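Here the structure comes first, spelled out in structure tokens, and everything after it is commentary.
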Amino acid sequence: MGSRNSLLLCVLVFAVVSALFTGHPEAAWPLAQIDDYLLNILIMAGINVILAVSLNIVSGHTGQFSLGHAGFMAVGAYGSAAVTQIGGKPILNALSFLGGAAPICMFVLSLLVGGLLAALAGFAVGLPSLRLKGDYLAIVTLGFGEIIRVVIQNTEAVGGARGLTGIPAFTTLGWTWGLAAFCIYCVSALIRSTYGRGFLAVRDDEIAAEAMGVNTTKYKVTAFVVGSFFAGLAGALYAHLIGYITPEGFSFLKSVDVVVMVILGGMGSTLGVTVAAILLTALNELLRQAEQYRMVAFALLLIVLMIARPQGLLGGIDRWLQARRNRS
Amino acid sequence: MKSILELEKVVVRFGGLVAVSAVDFHVGEGELVGLIGPNGAGKTTLFNVITGVYKPTEGAIRFDAQTVDGLSASEITSRGIARTFQNIRLFSSLSVLDNVVAAFNLHLKSGFLGALWRGTQFREQERAVREEALQLLDVFGLKSAAHQPCRSLAYGDQRRLEIVRALATKPRLLLLDEPAAGMNPTEKVELMRLIRFTQERFGPAVLLVEHDMKVVMGICQRIAVLEYGRKIAEGTPGEIQQDRRVIAAYLGEEVVDA
């Protein structure tokens, strides 16, 4: 089976599973009758998958260590909330010719606005800062993430430090996992194209990549923009799940959470990072009783992993799969 | 002979240090030129200036009668200059085949939506580029290793792969930075054959930086000698071997007792 087909199959499976879980308590299908708590965790897992897979394209595939992912998520969350919450009524009126589909159309619009605004922020951050490498880039992206947060905190129009409340709850399991599948598909497709080879060449050896005619700036900025776009989508989904966003929710610690998922799953392995995002979301919930020991458990997990499997949980699995494809 | 690369009074200064000092130099179309000199003479710096890693402080570099100094390294490569590195710089996490395919990027159409949609045109291009890369590997006897990680290749084969990768950019001038470094005598003989073969088959001009005199004298048509950033001699291998200044640069001058 060709890789294109297997990916499309993945998307289909996701879509069907998600449709079964759309969360109507009176749905006929028994699987659909799960409680809200579990449903929220499943949606959070999907959002985290989008975050981790999109950071992976920047840090894992292109090798640009970024600590500002939560900043782009914030741009997406606030951008989309601005559409549905602040601009809600007039936009709904404008879309009223669509009848019953108007709210959903508004949600799609808000997702697009959130994603595109975040992509724009990614471009603005990426272009100047990608001249830096390694630790320096990490510090600059960390700074940008914090700047975004502080700017939001001081913007009264979006609620300032109090946050933004009353965002309509549009996010469902179907939307989340559908977009997660879309994100995984886009990243996987991009990796197996001229773009992916550019990304990997930049990661492996920037000087050699330049010498082989690979325009390293173009590929680095592309990775940043794509990564930010999906981070923005994740932020938009998050805002319309929780219904209430504050600048504090998108602090540096959130960025670190995503970095941990990427490292745990294996830098550059889309499959590994997806699994890690789901596992860590679940672990987070399982350890909720032991709230104060949670970070200790995370730290121990990371230390053990770095000793036992420095390439990450499933690092290298993509290459192994590809090698198997080539043999057959 | 029409010259493909011309350097005119090129100066490279790093602060107070003059690494390359007013060097005039040219490479003819299809020619095989050697660049030698003692350690620290500025050979690699000159390489880096030609390939756009550094910009010349003064002077001009013309490739194919067009000024190329100041362009980025990738733009210079797209004009037709490719290089290998003194210390091997392969894309270490990629397979042998993907190393070559990555260097084809320059000549491929890369549409963002095309990559996502993966239509017929996209797949046809991907297939064609793999085919072409495999053929290139086949010519250099690396086809059987195509799907191996490039790190698993023997040292000599990694050098060879670097040359294959450079050829994938379809250069008209190929710069080889100490290709014989760390090779044993058998590998060196093999390397000389390889360079000659590359020229016969693909026809690029070759500029070779090398310490190994056997290799340089064995294959170069013309040799330029650098010392302390200056060009002190230029000529055929025979002429260079007789040149007093070159002998002095390498062996020191004779002391005449008073």
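Values quoted throughout were computed directly from the atomic coordinates according to the rules given, and no laboratory measurement underlies them. Here the structure is a predicted model, which is why all the values come from computation and not from measurement. Methodologically, a virtual Cβ is constructed for each residue, glycine included, from the backbone with ideal geometry; neighbour enumeration extends over all protein chains shown.
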Using alpha-carbon positions, the gyration tensor of chain B gives root eigenvalues a ≥ b ≥ c; with a/c under 1.5 called rounded, otherwise prolate if a/b exceeds b/c, else oblate, the class is prolate
Rounded to the nearest 10 degrees, the helix B:185-202 long axis (Cα) sits at an angle to the longest Cα principal axis of chain B of 70 degrees
On the formula 1/(1 + (r/R0)^6), with r taken between the Cβ atoms of A:L92 and B:E131 and R0 of 51 Å, the FRET efficiency rounded to 0.05 is 0.40
Rounded to the angstrom and largest first, Cα extents along the principal axes for the stretch A:39-251 equal 56, 35, 32
Helix-only [θ] at 222 nm, chain A, -39500 (n - 2.57) per DSSP H run of 4+, per residue, nearest 500, equals -23000 deg cm²/dmol
Mean separation of Cα contacts under 8 Å (at least 6 apart) over the residue count of the stretch B:208-258, i.e. the relative contact order in percent, is 22 percent
If every Lys and Arg gets +1 and every Asp and Glu gets -1 at its Cβ, then about the Cα centre the protein assembly as shown yields a dipole, in debye to the nearest 20, of 920 debye
Expressed in nanometres to one decimal, the distance between label points 7 Å along Cα→Cβ at B:E239 and A:V256 is 6.7 nm
Computed curve, the stretch A:237-297, Cα-only Debye sum without solvent term, log₁₀ I(q)/I(0) at 0.12, 0.15, 0.16 Å⁻¹, is -0.36, -0.56, -0.64
Exposed trypsin sites (Lys or Arg not before Pro) being those in a DSSP loop with at most 10 other Cβ atoms within 10 Å, the longest stretch of chain B free of them is B:110-258
At R0 = 45 Å the Cβ-Cβ FRET efficiency linking A:V151 and B:E75, nearest 0.05, sits at 0.80
Of all chymotrypsin sites (Phe, Trp or Tyr not before Pro) in the stretch A:41-148, the ones in DSSP coil with at most 13 other Cβ atoms within 10 Å are none
For the pair B:Y250 and A:R324, the simple spin-label estimate (label points 7 Å beyond Cα toward Cβ) gives in nm 5.6 nm
When the charge dipole of the stretch A:39-251 is computed with +1 at the Cβ of Lys and Arg and -1 at the Cβ of Asp and Glu, the Cα pointing farthest to the positive end, of A:L164, A:Y244, A:T194, is that of A:T194
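Which trypsin sites (Lys or Arg not before Pro) in the stretch A:221-328 pass both tests, a DSSP loop state and at most 10 other beta-carbon atoms within 10 Å? Working shown, then result.
On the way: sites: A:K254, A:R288, A:R294, A:R319, A:R324, A:R325, A:R327; in loops: A:R288.
The qualifying sites are A:R288.
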CD proxy, 222 nm, chain B: helix-only mean residue ellipticity via -39,500 (n - 2.57) per DSSP H run with n ≥ 4, per residue, nearest 500, stands at -12000 deg cm²/dmol
With Rg from the Cα atoms and Rh as the Kirkwood inverse mean 1/r over Cα pairs, the stretch B:115-161 has an Rg/Rh of 1.13
So the angle from the long Cα axis of helix A:317-327 to the longest Cα principal axis of chain A, reported in degrees to the nearest 10, equals 60 degrees
P(r) of the stretch A:172-288 over all Cα-Cα pairs, 10 Å bins starting at 0, rounded to whole percent, reads 12, 36, 35, 14, 3, 0
Cβ-Cβ cut-off under 10 Å around B:E29, Lys and Arg +1, Asp and Glu -1: the net charge is 0
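Report the FRET efficiency, 1/(1 + (r/R0)^6), for B:M213 and B:T67, where r is their Cβ-Cβ distance and R0 is 35 Å, rounded to 0.05. Write down the numbers at each step before the final one.
Values: r = 34 Å, r/R0 = 0.97.
Plugging the Cβ-Cβ distance into 1/(1 + (r/R0)^6) gives 0.55.
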Inter-part gap, Cα centre of the stretch B:124-149 to Cα centre of the stretch B:206-258, in whole angstrom, is 39 Å
Classified through the alpha carbon gyration tensor (a ≥ b ≥ c as square roots of its eigenvalues; rounded if a/c is under 1.5, else prolate when a/b is larger than b/c, else oblate), the protein assembly as shown comes out prolate
If one compares the long axis through the Cα atoms of helix B:155-168 with the longest principal axis of the Cα atoms of chain B, the angle in degrees, nearest 10, works out at 70 degrees
